[in-house]
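Chemist: What follows is a structure written as structure tokens; I'll ask about it next.
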Amino acid sequence: NAGVTQTPKFQVLKTGQSMTLQCAQDMNHEYMSWYRQDPGMGLRLIHYSVGAGITDQGEVPNGYNVSRSTTEDFPLRLLSAAPSQTSVYFCASSYMTPRGRSYEQYFGPGTRLTVT
Amino acid sequence: TQLLEQSPQFLSIQEGENLTVYCNSSSVFSSLQWYRQEPGEGPVLLVTVVTGGEVKKLKRLTFQFGDARKDSSLHITAAQPGDTGLYLCAGAEAAGNKLTFGGGTRVLVKP
């Protein structure tokens with residue numbers, strides 16, 4: 001049981017380049033999310049999905065696209081990278097706990113992205 | 001947008017001392033979670049609290065959810081170097097999967 005996996009671990013892009021950050025989970029969780037983490041700002045939600053075929057925007061969606069064709073995979077696409085997108089990106093999957101009011105997140109190890 | 005403020009931002013203490021981290025908001029959350037993150041890794045869930053006034057203990061860690069479900073605290077007794085890390089609180093909207101994270105408190109426990 002690998003949990004949540006992310007690739008690549010590190011990436012350097014030039015301004016204007018595009019790339020896809022991969023995320024996969026093997027826990028059959030319905031919910032998946034993408035966050036970015038910047039110093040002193042905690043984690044900010046980019047996009048999330050409540051199930052295959054359903055995605056929605058989070059707090060900072062501009063410049064990013066997502067799709068969810070299967071329960072397992074939730075890739076994040078940067079269409080035209082900008083220096084402001086330099087950050088650490090975390091993918092997470094979650095499920096509703098038996099208590100019914102919380103979604104406990106399982107995070108991947110992160111992708112450290114630098115845009116020059 | 002619901003905001004969560006954590007304080008302090010940074011805490012440096014000696015092994016054996018106690019510490020408290022605070023997480024405050026003007027909004028009500030249906031549940032609140034605490035995570036710990038070590039360098040180069042993703043956050044790992046420590047606890048979830050869902051009931052106003054709830055207190056949960058995890059060995060030397062004590063978590064409390066405010067009566068009004070707007071604030072929470074994390075207290076560590078007799079801190080050890082292994083407690084070093086970034087502590088994050090996160091609040092969940094009612095009946096939703098979306099989490100709002102606080103800015104984090106970086107804790108350093110020196111031997």
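Chemist: HN-Hα J couplings of the stretch A:17-25 from phi, Karplus 6.51/-1.76/1.60, θ = phi - 60°, integer Hz, Gly and Pro as x?
Modeler: 6, 10, 6, 10, 8, 8, 9, 9, 9
Chemist: I would also like to ask the following. Can you return the lysines within cross-link range of B:Lys57? Criterion is Cα-Cα under 28 Å, with same-chain partners fewer than 8 residues away left out.
Modeler: B:Lys70, B:Lys98, B:Lys110
Chemist: Taking other Cβ within 10 Å of each residue's Cβ, how do B:Lys57, B:Lys70, A:Lys14 sort, fewest first?
Modeler: A:Lys14, B:Lys57, B:Lys70
Chemist: Note down the relative contact order for the stretch A:1-110 as a percent, whole number, built from C-alpha pairs under 8 angstrom at least six residues apart.
Modeler: Normalised by residue count, the contact order of the stretch A:1-110 is 32 percent.
Chemist: In percent, what relative contact order does chain B have, based on Cα pairs under 8 Å that are 6 or more apart in sequence?
Modeler: Rounded, it is 37 percent for chain B.
Bear in mind these aren't lab numbers, they're just calculated from the coordinates by the rules spelled out. Values in this document were obtained by computation on a predicted structure and should not be read as measured data. Methodologically, a virtual Cβ is constructed for each residue, glycine included, from the backbone with ideal geometry; neighbour enumeration extends over all protein chains shown.
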